[in-house]
Amino acid sequence: MNDHDVDDVAFLTGVNHYQSQNGIHKRSLYEHNGVAVCSQNRALIIASVVLSILFLSSLIIAYVGPQNDCPCIGEQPVFLQDENLNGAQRPVIPIATNGEVFPWNNVRLPSFAHPTRYVINIHPNLTTLDVKGQVSIDFHVEKDFNYIVFHSKNLSITEKTLIDRKNHNTKIQVVKMLEYSAGQQVYIEFKENLRKKTNYTLILRYHTRLNQDMEGFYLSSYTTREGKKKYLATTHFEPTYARSAFPCFDEPQFKAKFKMSIFRDRFHISLFNMPITSTDDVGFYMGTGLLRDDFQESVEMSSYLVAFVVCDYQSITDVTSKGISVSVYAPVDLLPQAKFALNISIHMMDFYEEFFGVPYPLPKQDLIAIPDFGTGAMENWGLITYRETSILYDEQETSASGHNWVAVVVAHELAHQWFGNLVTMRWWNDLWLSEGFASFLEYYG
């Protein structure tokens with residue numbers, strides 16, 4: 001959202017109206033009120049001088065400016081700022097963590113491979129902060145290439161396997177894996193070419209840690225009325241933080257389906273974009289008291305909309321006129337303050353379905369209050385995360401403006417379930433369109 005409608009990512013522009021204390025606009029200080037007169041000969045002389053200066057400036061820039069003596073390895077050079085050149089830019093060869101040249105030098109991923117499905121297994125330990133995970137990425141190849149490039153940030157990839165689904169699940173040998181930390185990219189090269197119009201599965205095992213930076217997969221906490229500190233693990237992936245929770249093609253254009261399994265302790269619950277389908281006791285295999293929650297596969301969506309939470313919250317639930325289950329999750333002490341947001345959500349879900357003429361595509365909609373959250377809210381599809389002040393309303397203490405704020409933020413994020421989630425920009429330069437429609441509809445509803 002913008003300054004008024006806080007959201008997770010905002011690309012803002014502003015216009016400064018320079019006005020003095022006596023009300024005189026600065027524009028009046030440099031605009032002439034009279035009419036300037038110039039003879040024809042003088043005009044020709046001035047024009048000649050200006051053209052000469054422009055021509056000489058062009059020659060100086062062309063022959064004296066910094067030269068591009070850097071060979072390009074891929075499609076386009078990567079440009080990094082070099083302070084020694086007084087603000088000028090020159091191409092820099094990307095170097096992998098092992099010192100080798102990183103073969104892909106574009107901030108955007110190659111377009112010849114795109115994911116179709118993720119199967120993610122993840123186990124966050126809220127005591128040690130360790131996170132263990134495995135992701136299987138089904139992807140489709142449009143050209144014959146012997147490598148792929150994907151995103152990864154602060155992940156230690158320990159195992160990697162490529163399977164050719166079309167050729168009896170044959171394993172294809174990996175000959176090289178390079179990591180480029182500055183670009184948050186991983187390059188994997190194979191012994192043989194991947195065939196165009198073919199589907200493959202990349203299986204990666206990795207480990208990382210929960211951070212406390214309110215981005216990616218991070219640790220949050222709250223204190224009960226009795227003074228006991230409780231912890232939860234939550235996510236915030238917009239714009240480019242999904243890659244810090246699991247390896248992925250972390251660009252909005254790469255929509256795919258997501259199948260999630262979360263390992264947790266018995267005294268926690270886990271939430272995902274989709275409803276839970278089963279819970280199994282895996283303590284025999286992974287440790288005493290450990291459970292695994294399996295979730296329904298999602299619709300196709302961008303990686304920045306994926307969300308999951310492990311916590312000890314409770315919820316209140318209602319159903320829309322079309323049978324969509326809507327729940328608000330919060331710490332048990334704060335749960336009574338969630339009633340207003342639930343009522344608004346039911347109203348807005350019904351309104352948006354009728355307004356757009358497009359049914360809400362998921363079987364449920366969860367809203368959850370997060371104690372430590374960097375923005376007002378985040379429109380994760382089916383699991384919207386909110387800062388506590390943007391979703392909880394105390395009739396005895398919340399001001400009238402706070403009451404209005406909760407209604408506006410809830411309405412804004414629910415509008416994104418259609419504008420932004422169902423219909424998504426290919427790249428972040430078109431984010432204004434999603435935010436603009438949501439900002440309009442938050443008041444229209």
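Describe numerically, in nm with one decimal, the distance between label points set 7 Å from Cα along Cα→Cβ at Thr161 and at Ser278.
So the two model labels end up 2.1 nm from each other.
What span do the alpha-carbon atoms of region 313-445 cover on each of the three principal axes, reported in whole Å from largest to smallest?
41, 32, 25
If packing is taken as the mean number of other Cβ atoms within 10 Å per residue, what is the order of 304-312, 195-203, highest first?
304-312, 195-203
More than 29 angstrom separation, counting every C-alpha pair in region 107-312; what % is that?
Details: 5402 of 21115 pairs.
Value for region 107-312 (Cα pairs over 29 Å): 26 percent.
For region 315-445, what does the relative contact order come out to in percent, with C-alpha contacts under 8 Å and a separation of six or more?
Working: 201 pairs, mean separation 28.2, N = 131.
Relative contact order here is 22 percent.
With respect to the cross-link table entries Lys197/Lys257; Lys143/Lys364; Lys160/Lys364; Lys160/Lys197; Lys160/Lys229, which display a Cα-Cα separation exceeding 27 Å?
Correct reply: Lys143/Lys364; Lys160/Lys364; Lys160/Lys229.
Loop-only check: which trypsin sites (Lys or Arg not before Pro) in region 325-388 are DSSP coil with at most 11 other Cβ within 10 angstrom?
none
Using every alpha carbon pair in region 127-173, what percent of pairs falls into each 5 Å bin from 0 up to the bin containing the largest distance?
P(r) for region 127-173, in whole percents per bin: 5, 11, 25, 25, 15, 11, 5, 4, 1, 0.
Within a Cβ distance under 9 Å of Tyr187, other residues only, what is the Lys/Arg minus Asp/Glu net charge?
Net local charge, Tyr187 excluded: -1.
What does the charge count around Val319 come to, taking other residues whose C-beta lies under 11 Å from its C-beta (Lys +1, Arg +1, Asp -1, Glu -1)?
0
If the cut-off is a Cα-Cα distance under 16 Å, which aspartates and glutamates reach Lys153, setting aside same-chain residues fewer than 8 apart in sequence?
Asp130, Glu179, Asp213, Glu215, Glu238, Asp250, Glu251
Each value in this text was obtained by applying a stated rule to the coordinates, not by laboratory testing. This structure is a prediction, so every number in the text was calculated from the model and none was measured. Methodologically, a virtual Cβ is constructed for each residue, glycine included, from the backbone with ideal geometry; neighbour enumeration extends over all protein chains shown.
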